[in-house]
Every structure is written in C-alpha cells, then in structure tokens.
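Inspection log for the structure reproduced underneath, given as structure tokens.
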Amino acid sequence: GLYESSNFGRLRVAESMNFVGKVEIRSRKYVTALYISERYQHVIQAMLDILNTIIVCLVLIYSIYTLNKDVSFLVLNPLERMIRKVKAVSADPFKAMKNKVKISDNRDEMNETLIIERAINKISELLVLGFGQAGSKIITHFLFDPDKDFDQAIPGEKMHAIFGFCDIRQFTDATEVLLEDVMGFVNKIAEIVHSSVDKYGGAPNKNIGEAFLLVWKLFERDPQSIESVDVALEEQITSNHYNRQLAELSVLSFVRIIIDINTQQQILEYKLHEGLVAKLPGYSVKMGFGLHIGWAIEGAIGSSFKIDASYLSPNVNLSSRLQAATKQIGVNVL
C-alpha cells in the first residue's frame with residue numbers, strides 16, 4: 001500500500017523493510033532511503049495463526065470429549081452401576097433381585113468392566129436365590145462390613161409366621177421311572193409352587209427333594225412389650241388386618257397350586273407317561289399340604305463351610321407332620 005511520510009510511524013519494526021544508501025552528486029553527499037511495507041503479509045500470517053490455534057483447540061476439545069466418553073462408558077458408568085447394585089442388595093436383597101439392572105449397551109462384548117458388571121449382577125441374584133427371604137439379614141449383615149466373617153456365630157432372631165409344607169406324592173416311584181428327567185419334573189412343580197406362594201404374599205424357603213418349605217411372615221409389633229408368646233401371637237392374628245389377610249392368602253395359595261397341577265398341560269402330560277402309567281396305573285401328579293402358624297427362630301444354620309438360612313421351631317416341624325397326615329386322612333390340605 002502507499003503511505004504518506006506520517007504513516008510510516010505506525011508500522012512495526014517487523015512490518016517494514018528499508019534500504020539506506022549514500023549518493024554523492026557534485027561533491028555533495030545525499031542519503032537516500034527506501035521503505036517497503038510488509039503489513040499485509042503480516043496480517044495474513046496473523047489470521048492464519050489464529051485459525052491454526054482455533055483448529056488445534058477444536059481438535060483438543062474433541063479429543064478430551066471422546067476420551068471422557070470412553071472413560072465414562074468403559075469404566076466410570078459400569079463401576080457406578082456395580083456399586084449401586086451392591087448397595088441395593090445390601091439394603092433390600094429381594095427388591096434388588098426384582099428390580100434387575102439392565103445393561104442395554106453391548107457395543108463391546110469383550111469389555112472387561114462389562115463382563116465384571118454382568119458377573120456381579122448374576123452373583124447378586126444367585127446370592128438372593130440361595131439365601132432366600134430368611135437370609136436377607138445375613139446378606140445385609142456381611143456384604144458391606146469387612147470386619148464380619150462367616151465363621152462368627154450369628155445369633156438367631158425370633159419371629160412369627162405361617163409355615164407351609166408340601167410334598168409330591170409317590171415321588172420315590174416316579175424317580176425310579178423318570179431317572180434323569182426327574183429334575184425337570186420337580187422343577188416344573190416347583191415353578192408352580194413358588195410362583196403361587198410369591199403371588200400370595202409368601203416366600204419359598206427350602207427345597208428338600210420333593211418337599212417345599214414355604215413361609216408367610218406376620219407383621220409384628222414390639223415383642224418386648226408383650227410378655228407371653230401365646231398372647232403376642234393371638235393379639236397379632238386378631239388385631240392386625242394384614243395378618244388376617246395373610247392367613248387367608250396362604251390357604252388360597254395352596255388352593256391355587258392344586259388347581260394348577262390339575263390343569264396345566266405340562267403337568268397333565270405325566271398322566272400319559274408310559275413308564276409312570278406302567279408302574280403306577282392311573283397315575284397323576286398329587287401333592288399334600290400342611291399349614292401351621294407360630295413362632296420360630298430365623299437364622300443361619302451350618303458352619304463356615306456351608307450355611308443355610310432357615311427356621312427352627314416345633315411349629316415348623318408341625319407343618320411337616322400335618323402334611324404327612326394328609327395321606328392318612330385322605331385330604332389335600334390340613
């Protein structure tokens with residue numbers, strides 16, 4: 001560009017080039033100076049530098065975002081879900097099992113944290129299934145307390161409940177005929193029994209071959225405020241609407257099981273099983289049921305090698321004896 005003499009003062013040192021020469025004309029010495037402005041080139045270079053900086057910043061921002069996204073997806077989110085799952089199991093095992101954590105993103109099947117997360121979910125579910133309702137306190141007692149050990153004595157807890165006991169009739173003969181298929185036979189019946197009990201407010205406790213122990217826990221007020229066990233139990237039954245309904249539901253649950261084993265196609269198929277019909281003419285799946293209400297000690301039975309969460313009391317045994325008596329009396333439920 002063209003600049004007047006006054007404009008050259010605005011140029012930075014780096015924006016101008018000057019050439020100074022000395023000329024002698026007629027014994028006089030003159031100084032000549034040539035100034036060339038490079039401001040335009042410097043402005044273009046500055047704009048290019050700014051653009052380069054912006055591009056580098058955008059690349060860095062995208063890289064950070066991508067890295068954080070991968071870290072969140074691969075590490076942080078799975079770890080948070082694992083912690084939430086363990087806390088949920090330790091707080092309420094049965095609620096945690098029913099509200100299963102869903103892992104919907106399967107973009108990387110070989111991702112280690114995803115494999116660990118699925119394993120924790122499965123272990124948590126198996127833990128609840130293995131211990132049952134009676135073992136919920138055992139799970140919460142040990143899961144988040146590093147100072148607790150399984151070889152420590154765990155005191156039982158007195159509670160009141162309705163105890164149900166049922167078994168499959170003629171099971172020994174059926175086992176001899178079915179052999180390897182006996183597991184499927186028992187599990188089909190167990191699915192009917194457990195689902196019915198769960199639907200009507202109870203919980204399965206133990207599976208003893210062909211027999212099942214089922215429990216409906218009663219609502220209890222402060223047991224220390226009542227001196228007599230019998231008075232406490234009677235008061236709970238008569239004064240609490242929930243317990244009266246629970247007693248009715250326990251009977252209704254067994255009626256529902258009887259209906260299902262006599263109507264569901266997967267059970268009726270055993271009436272046509274050649275081996276069973278040959279050994280037991282006129283065979284059909286039948287069950288006996290015993291119900292009793294009373295107190296029991298709930299807790300862990302066993303040692304550091306193996307424990308079962310169950311109930312100990314004469315009332316539990318009485319429900320088993322009532323079930324056995326159904327064969328003698330010729331009824332389904334006592």
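The values are calculated or read from the model by the stated rules, or taken from the named source; none is laboratory data. Given the structure is predicted, the values throughout are model-derived calculations rather than measurements. We place every Cβ from the backbone using ideal geometry, glycine too, and count neighbours over all the protein chains shown. Heavy atoms of the whole protein, side chains included, go into the accessibility calculation; ligands, DNA and RNA do not. Shrake-Rupley method; radii C 1.70, N 1.55, O 1.52, S 1.80 Å.
For this structure, a couple of remarks:
- L272 vs. criteria within 14 Å of G164 (Cβ to Cβ) and either in contact (Cβ under 8 Å) with a residue 12 or more places away in the chain or open to solvent by 70 Å² or more (accessible area, probe 1.4 Å) (or both): no
- Verdict on F165 being assigned to a strand (DSSP E or B), open to solvent by 10 Å² or more (accessible area, probe 1.4 Å) and at pLDDT 90 or above: yes
- Figure legend. Inter-residue proximity from the range 243-264: first residues in contact (Cβ under 8 Å) with a residue 60 or more places away in the chain and closer than 12 Å to L291 by Cα, second residues aromatic (F, W, Y) and not in a helix (DSSP H, G or I), beta-carbon distance below 6 Å, spacing 6+ or different chains. Indicated pairs: S250/W216; S253/Y200; F254/F289.
Yes or no, residue by residue, for (1) farther than 30 Å from S195 by Cα; (2) at pLDDT below 80; (3) among the basic types (K, R); (4) open to solvent by 70 Å² or more (accessible area, probe 1.4 Å):
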position: S27; (1), (2), (3), (4): yes, yes, no, yes
position: I44; (1), (2), (3), (4): yes, no, no, no
position: L51; (1), (2), (3), (4): yes, no, no, yes
position: K69; (1), (2), (3), (4): yes, no, yes, yes
position: P93; (1), (2), (3), (4): no, yes, no, no
position: N111; (1), (2), (3), (4): yes, yes, no, no
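- Long-range neighbours under 6 Å by Cβ, at least six apart or interchain, first residue without any contact (Cβ under 8 Å) to a residue 40 or more places away in the chain within the range 287-308, second among the small types (G, A, S): I301/S310
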